[in-house]
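A short worksheet on the structure shown next.
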Amino acid sequence: MPQPSDIQTIGTPFVELQSVDSTNNYARQLIHAGMAQTGMTIFTHEQIAGKGQRGKVWASQKDVNIALSIVITPNPLKVTQQFQLSACVAVALHHFFVKHAGDDSKIKWPNDLYWQDRKAGGILIESIVGSGGNWDWAICGIGININQTSFSTDLPNPVSLKQITGKDFKVVSLAKELCSCLDEKFQELINSGFEPIYNQYLNQLYKLNDKVRLKKDSRVFEAIIKSVSLEGKLVVQHAIEEEFNFGEVEWVI
């Protein structure tokens, strides 16, 4: 159980920037300067060099989308339990998005936000581990397409909340609503353990029990998505059952 000093409210304080290279970078600088607080959220209207998974860029138009980073002290989680936080953030994003976009919203392993077969958002969690091996800080970067309706042709399958609903949204208000969802799910993780979050994650898994195409190195193969392990490995069935760590396989969409 967390001690009183460990309690953090995600979204407090809520720092609103007009422009920044990357909210994750900004949060990291605050941590290194000793100015970060647990639960602090860095939101920006414009992100010039947003980070995506595996070194990719997260591109986002100015003033129309959610681009934020949340600073969390993951205590009592250990650095070997990073998937627990990743799944928690993904479940919170799904919980938030389904209220506005409906039940076609899913979590694509490991932690992308999908609506039907299109990507609405993504998560990039960066960890700061202390010299003693303790998981001192987690920076949870989140990007969600909200009011954007025109995307680069380099992006294979983007979608925004406005494209789904036909409505315009107040982005800052939605960002604060998202923080409330994240706070609720993080407290659930800390107080009730991983099992409830894990079950929610599996229940909303994109393409669960469906056949998909995956790529490992130069090999493209078909497999059925069976599950995700407690450690965060994707479990698939083809000629044999296999498990893959994040980064070992890519989806072919």
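A short reminder: the numbers here are calculations on the coordinates, not readings from a lab. Remember, predicted model here, so these are calculated numbers, not experimental data. With ideal geometry, Cβ positions are generated from the backbone for all residues, glycine too; neighbour counts draw on all protein chains shown.
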Could you state the number of Å between the C-alpha centres of segment 176-194 and segment 126-170? 18 Å
Mind giving me the nanometre distance, one decimal, between the label points for E243 and V129, set 7 Å out from Cα along Cα→Cβ? 1.9 nm
Applying the gyration tensor rule to the Cα atoms of segment 139-253 (axes a ≥ b ≥ c; rounded if a/c under 1.5, else prolate if a/b exceeds b/c, else oblate), the class is oblate
Electrostatic dipole magnitude of the chain [Cβ: Lys, Arg +1; Asp, Glu -1; Cα centre; debye, to 20]: 460 debye
Could you give the nm distance between label points at D136 and K216, where each point is 7 Å from its Cα heading toward the beta carbon? 3.7 nm
Quick one: P(r) of the chain from all Cα-Cα pairs, 10 Å bins, percents rounded to integers, in order of increasing distance. 7, 32, 37, 21, 4, 0
Length-normalised contact order of the chain in % [C-alpha pairs under 8 Å, at least 6 apart]: 18 percent
Trypsin sites (Lys or Arg not before Pro) restricted to segment 123-179 and DSSP loop, no more than 16 other C-beta within 10 Å: K167, K170
Between the residues L234, F221, F246, the Cα farthest towards the positive end of the dipole of segment 211-251, that dipole coming from +1 and -1 charges on the beta-carbon of Lys, Arg, Asp and Glu, is from F221
Using the charge dipole of the chain (Lys, Arg: +1 at Cβ; Asp, Glu: -1 at Cβ; taken about the Cα centre), state which of N65, V129, F194 has its Cα farthest towards the positive end. N65
Counting Lys and Arg as +1 and Asp and Glu as -1 over every other residue whose Cβ sits under 15 Å from the Cβ of S229, the net charge comes to -4
Per residue, how much space in cubic angstrom lies within the convex hull of the C-alpha atoms of segment 211-251? 58 Å³
Top mean-square fluctuation among L182, L68, L202, Gaussian network model of the chain, C-alpha springs under 10 Å? L202
How many angstrom lie between the Cα centre of segment 210-229 and the Cα centre of segment 60-81? 28 Å
Beyond 20 Å, what share of the Cα-Cα pairs of segment 69-123 remains, rounded to the nearest whole percent? 28 percent
Per DSSP H run of at least 4 residues, take -39500 (n - 2.57); add these up for the chain, divide by its residues and hand me the 222 nm value, nearest 500 deg cm²/dmol. -8500 deg cm²/dmol
